[in-house]
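Undergrad: Below are the structure tokens for one structure; questions will follow.
The values are calculated or read from the model by the stated rules, or taken from the named source; none is laboratory data. Keep in mind that this is a model prediction, so the values were computed, not measured. Counting neighbours? That spans all protein chains shown, and the Cβs are built from the backbone with ideal geometry, glycine included. Remember, those area values only see protein heavy atoms, side chains included, never the ligands or the DNA or RNA. Shrake-Rupley method; radii C 1.70, N 1.55, O 1.52, S 1.80 Å.
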Amino acid sequence: MLTYAVTALWLIVGTAAAGLPYVKGIFQRKVWRTLLLWISYIGLALALLWFILMISQWVRNGWWFVEGIAKTILPIMLIGYVPLVLYTLPLLRRLRVSTADESSSDSMITTTDPRLLIPIYAAALASGIAAFHTIFSQPTLPGLLETVLMITLYLFVLVVPSFIVIRRYQAIMKGTFTVAPLWKRLLKFALAGFTTAIIAIGVVAVQAWSDFHASKLPEASDMMNHRWLDEGGGTPTMMTGHQDHADHANMVEVAKLTGDISAPADIHYELVAQKREITLASGAKIEAWTYNGEVAPELRARQGEMVEVKLMNRDIDKGVTIHWHGYNVPNAMDGVPGMTQNVVNPGESFTYKFRAEQAGTYWFHSHQQAAEQVRNGLFGSFIVEPSEETASYDEEVTLINHNWNTDQGEKTAFKDQDRVQKMQVKPGKTVLLRLINANNQSQKYLLQGSEYKITSIDGTPILQPDRLSDQTAFRLAAGGRYDVTFTMPNHPVLLKLGDSTDMEGPSVVFYGNLPPDPISFKAESSLFDPSQYGKPADLELTSVTRFDREFRMVLGNRLGFYNGKMNYLWTINGEVYPYTPTLVVKEGEKIKTTFINKSLSEHPMHLHGHQMTVLKKNGKRVPTPWVTDTLNVNPDEMYEVAFIADNPGMWMDHCHILDHAAVGMTLHLMYDHVMPSFEAGVRSGNMPE
Ligand code: C2O
Ligand code: CU
């Protein structure tokens, strides 16, 4: 807003200043010149305010939040504003006190001085660029080349107005200048403005044209960005360093990274991907894409068991896969088409086999065109019971919520229950709720009528979880899971999705004898904070002082093209996939990643195949580091997470708002001794987003 206002101001000042030599009458002249000076002061003050806001963001959030602006917009603002302060303002001030006649040559020379006029146009254009960039494109991590190019284009747009101003000045100096009639002057001015606008539009159009072409996805790719291998400041890896024969012998293909699956399966499931019409509890109908014709089927296993899941595709045209979200399976079982396997087309099958090492609440979903397929229903829950019962519960309920597109509009539901569900539980019984957010955005939950505990986050148990009051709400990232426990009191306990005020969302009533009617919720008084909960676990990563590699992922947004279509893009380090960097690590290393969200939306960042330990939030150590596979990063937030590179392969690292990932918010983590086995793109039909 600020930068738009400043741009408008300078355009007014520029127009008025161009007309300076033609103002008639002592009084008008005085008013005109005084106004001009004051509007200029206001413009300058607002520009200064912009600068102060930028500095304050730097101080508040850190350098990474302003780096892009500081490297591209700031130089342009300086080019526009420094001459303005040095020349324009002094000249305007002199003019205001001058008593010379407007037609006197002295006044003519001052009012047409290019040093008076050109800086005003330069400031207007600079502010315009700043305005454009705050909304449509937040520059991130530009290279020197980009900065130089931007400045060059900026100066190029200024050529026409400068030329006209200088020509008029020269005519006056030579004494060949004559005052043309008003209509002629206006016409000339309009023409100059028009030409400049055309040039500016031309510059933008040429850029857009080249962006459009560059945005087309390759027909086939190994999903790595060979031009931007980010080694996180660590020692050279085999990817970029020299490979000798010994190294070569250690190379391994993704397809070979199955883990040891020679043992027979302890448990076997079959999932048939198929279209099916589903009716929600409210009667709303969905043209769903399902596994086994069910809404969110549940697969269960016991920790330590060898799990085998045969996936068959009946009629999902573009093919399907299964990705085990949050489960650190060997790479070849990760279910990413084009990266860890080929997509399973209609009539085909693929068998996943892995040992269930982690206990807890997980889920699975197709990773082929994930944004569309998960939205349509290709997901389910995956529950692994611990090998030794540490705590047992009388009742256990899995609640997986999703947003459905139905014939009656959008509906949120736990599975297919989009209304109130009632469950009878005897008072005194203990209840375990396994909550899974399969929606495409973070969700708030309320549990009222009993104190409760959050006993695990993303499958990892919390040490000594504190009791939470029933006025505490909690929020799950898209793709995240919490285990929640409570003891049934002798009155009802209510669970709902969304705010206390909106009774639209689905809810669950646990009751002893008679279900209450109607049900109502109190307003929550606080929000659960995982960074201060329970006892800090003795995690290997929290005491590390030097990491082998440190990566930085700046999350931004900009208007642009993705695969030839105009889109609002969600960027990582200023780029969208496949231009995002490929992060390279060596097996066994300790890695730190910093997420910096300068965009306008939350981004639940999900790394496949590994768990992340949250170390810092907004630069400060968190009192209770927690383990997660899907970390929600809100706008203006910065998180530092760490993980151990202990699962060789090629892994996706992306935003779990799957529509963001589908327009580029994704990159890959690559172990340096691993070679791709598959290709993605239209040629193979492997389309992981
Ligand atoms: Cu649940 Cu790659 O995602
Ligand atoms: Cu996102």
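Undergrad: Averaged per residue, what accessible surface does the range 452-590 expose to a 1.4 Å probe, in Å²?
TA: Result: 44 Å² per residue.
Undergrad: Enter the Cα centre distance for the pair the range 396-471 and the range 50-99, rounded to the nearest angstrom.
TA: The range 396-471 and the range 50-99 have Cα centres separated by 51 Å.
Undergrad: For the range 320-444, report the % of Cα-Cα distances exceeding 23 Å.
TA: 44 percent
Undergrad: Whole angstrom only: what separates the Cα centroid of the range 624-678 from the Cα centroid of the range 353-393?
TA: One Cα centre to the other: 18 Å.
Undergrad: Per q in 0.10, 0.14, 0.19, 0.25 1/Å, what log10 I(q)/I(0) does a Debye calculation on the alpha-carbon atoms of the range 497-597 return?
TA: Treating every Cα as an identical point scatterer, log10 I(q)/I(0) equals -0.67, -0.90, -1.02, -1.29.
Undergrad: Largest first, how would Glu277, Glu298 line up by accessible area (1.4 Å probe)?
TA: Order by accessible area, largest first: Glu277, Glu298.
Undergrad: I need the helices of the chain that pass two filters: whole DSSP H segments spanning 27 Å or more by Cα along the axis, and mean Kyte-Doolittle score no lower than -0.5. Walk me through the intermediate numbers first.
TA: Numbers: long enough: 26-61 (52 Å, 1.02); 114-136 (32 Å, 1.38); 182-214 (48 Å, 1.06).
Length and hydropathy pass: 26-61, 114-136, 182-214.
Undergrad: Still on this structure: Give me the lysines in straight-line cross-link reach of Lys415: C-alpha distance below 17 Å, same-chain residues under 8 apart excluded.
TA: Within the straight-line cut-off, Lys415 pairs with Lys275, Lys285, Lys444, Lys496.
Undergrad: Same structure, new question: Rounded, prolate or oblate: which fits the range 408-480 when a ≥ b ≥ c are the square roots of the eigenvalues of the alpha-carbon gyration tensor, with rounded for a/c under 1.5 and prolate only if a/b beats b/c? Show your work: numbers first, answer last.
TA: Numbers: a/c = 1.97, a/b = 1.26, b/c = 1.55.
Oblate.
Undergrad: Size of the dipole of the chain about the Cα centre, Lys and Arg at +1 and Asp and Glu at -1 on the beta carbon, nothing else charged, in debye to 20?
TA: Roughly 4140 debye for the chain.
Undergrad: What is the local net charge at Ser215, summed over the other residues whose Cβ is closer than 15 Å to its Cβ (Lys, Arg +1; Asp, Glu -1)?
TA: Around Ser215, the surrounding residues sum to -1.
Undergrad: Considering only Thr455, Leu182, Ile322, whose Cα is most displaced toward the positive end of the charge dipole of the chain, charges sitting on Cβ of Lys, Arg (+1) and Asp, Glu (-1)?
TA: Leu182
Undergrad: Taking the solvent-accessible surface of protein heavy atoms with a 1.4 Å probe, what is the per residue accessible area of the range 287-358 in Å²?
TA: Accessible area per residue: 31 Å².
Undergrad: Now a separate question. With Rg and the Kirkwood Rh both taken from Cα atoms, where does Rg over Rh land for the chain?
TA: When Rh is taken as the Kirkwood radius, the ratio is 1.08.
Undergrad: How charged is the neighbourhood of Thr340? Take every other residue with its Cβ under 15 Å from the Cβ of Thr340, and add Lys/Arg as +1 and Asp/Glu as -1.
TA: -4
Undergrad: Taking amide H positions as placed 1.01 Å from N in the peptide plane, with prolines and chain starts having none, which residues 5 or more places from Trp228, or on another chain, fall under 5 Å of its amide H?
TA: Under 5 Å from the amide H of Trp228: Thr582.
Undergrad: With all protein chains present, how much of the accessible area of the chain (probe radius 1.4 Å) comes from carbon and sulfur, to the nearest whole percent?
TA: Working: 17440 of 30100 Å².
With neighbouring chains kept in place, the figure for the chain is 58 percent.
Undergrad: Would you mind computing, in nm to one decimal, how far apart the modelled labels at Asp502 and Val179 are, each placed 7 Å from Cα along Cα→Cβ?
TA: Going from the Asp502 label point to the Val179 one covers 6.4 nm.
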